[in-house]
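The block underneath contains the structure these notes are about, expressed in structure tokens.
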């Protein structure tokens, strides 16, 4: 069974993401913003590309540019400059950043069952692990499960095939349930909040009153 990502879907940031990222410690905000801006830029390649070959070329540019950050520094591109100034000094290597590009290539054409798990791992898990390092999250914060669940929930909302979308939602729910079992450390709560938001989005549009749930989580970590 195959599917594609809907060209009408945005897969970009929203006010809920901005709210969750605001929970990060001030010292980590620039790095967190840079990491999620990179994720949005890579998602935008998918959103704005109709021809797989063109998409592969655009992703190849990002991969090469990210790989070159260690050796040659950042070119005059805002996302790359932010990563070079805010993320690399934390010990996050350019090779780890460039690895996230691989998450998007399986989505450029027809999507099969194998593409879903690969995307969640290479996008969500990798992104949240890097973000957790930037935040100083606790070792037992379930950042990997939260990241995979977050990516799966986003993918489910953008898949054209109902059965594959349903599978992605089921896998997202399982990962996000696992991420909710722990009490998140104070430093990790921005990522925990993203997991809560993704879990709520599986049920449909989020009501404004959900900010109260997030406020409780920000105080308690659960």
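The values are calculated or read from the model by the stated rules, or taken from the named source; none is laboratory data. The shown structure was predicted, so the numbers you read here are calculated from the model rather than taken from an experiment. Quick reminder, even Gly has a Cβ in these numbers, built from the backbone with ideal geometry, and neighbours come from all protein chains shown.
Data table
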item	result
Residues within segment 69-119 that are within 15 Å of residue 46 (Cβ to Cβ) and either under 18 Å from the mean Cα position of the chain (by Cα) or crowded, with 20+ Cβ neighbours inside 10 Å (or both), tallied	14
Of the criteria (1) touching a strand residue (DSSP E or B) at 6+ places or on another chain (Cβ under 7 Å); (2) at pLDDT below 90, which one residue 107 fails	(2)
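Residue-wise test of (1) part of a helix (DSSP H, G or I); (2) within 17 Å of residue 33 (Cβ to Cβ); (3) without any contact (Cβ under 8 Å) to a residue 40 or more places away in the chain.
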site	(1), (2), (3)
57	yes, no, yes
81	yes, yes, yes
85	yes, yes, no
117	yes, no, no
126	yes, no, yes
